Amino acid sequence: MLSYWVGGMPSAVALVVIGGALVWRDYLRQPKGVLSLTSTGSLFHGRWLHSNQRLVKRDPLLNKPQEEEHQVRCDYLGPWVIGLYVGSQRVWLWPDSVPEGQLREVRKLFHRPGQ
């Protein structure tokens with residue numbers, strides 16, 4: 001509304017179009033699939049698996065990971081929601097986004113007693 005008042009109709013339309021494009025880009029960048037977590041000591045790694053893929057650790061011909069693996073860091077462990085960084089991507093795990101048993105396993109994985 002302020003852009004309409006200051007710059008008129010063209011600036012308001014431009015602002016709405018740019019805002020819509022940014023929202024659409026963020027929507028398309030959301031992760032899709034299942035996050036598979038592995039831990040080695042205190043380091044956690046994850047990779048996104050799409051619904052038609054299965055977890056393949058290494059490509060037998062190239063001896064390289066077939067799926068891109070990201071470092072996973074938990075920065076918020078609340079009673080209802082878990083905040084993770086998968087690489088540079090922010091992911092929130094809500095109770096309705098993960099089956100209850102799996103959410104409990106993730107919570108145990110990242111819980112540090114005494115902290």
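The values are calculated or read from the model by the stated rules, or taken from the named source; none is laboratory data. If you're wondering where the values come from, they're calculated on a predicted model, not measured in any experiment. Positions of Cβ are backbone-derived with ideal geometry, glycine not excepted, and every protein chain shown enters the neighbour counts.
For the list (1) at pLDDT 80 or above; (2) touching a helix residue (DSSP H, G or I) at 6+ places or on another chain (Cβ under 8 Å), I need the number of the one condition that G20 fails.
For G20, the failing item is (2).
Which residue pairs have Cβ atoms closer than 9 Å, lie 6 or more positions apart in sequence or on different chains, and pair a first residue in region 76-90 that is surrounded by fewer than 17 Cβ atoms within 10 Å (Cβ to Cβ) with a second residue that is hydroxyl-bearing (S, T, Y)?
Listed by first residue and then by second, the contacts come to G83/Y76.
Is there a residue in region 19-30 that is on the phi > 0 side of the Ramachandran plot and either loosely packed, with under 15 Cβ neighbours inside 10 Å or part of a helix (DSSP H, G or I) (or both)? Steps first, please.
Of region 19-30, the ones on the phi > 0 side of the Ramachandran plot are none.
Checked against the condition, which is being on the phi > 0 side of the Ramachandran plot and either loosely packed, with under 15 Cβ neighbours inside 10 Å or part of a helix (DSSP H, G or I) (or both), region 19-30 yields no hits at all.
Of the numbered conditions (1) hydrophobic (A, V, I, L, M, F, W, C); (2) in a strand (DSSP E or B); (3) more than 13 Å from the chain's Cα centre (by Cα), L103 fails exactly one; give the number of that condition.
Only one criterion is unmet by L103, namely (2).
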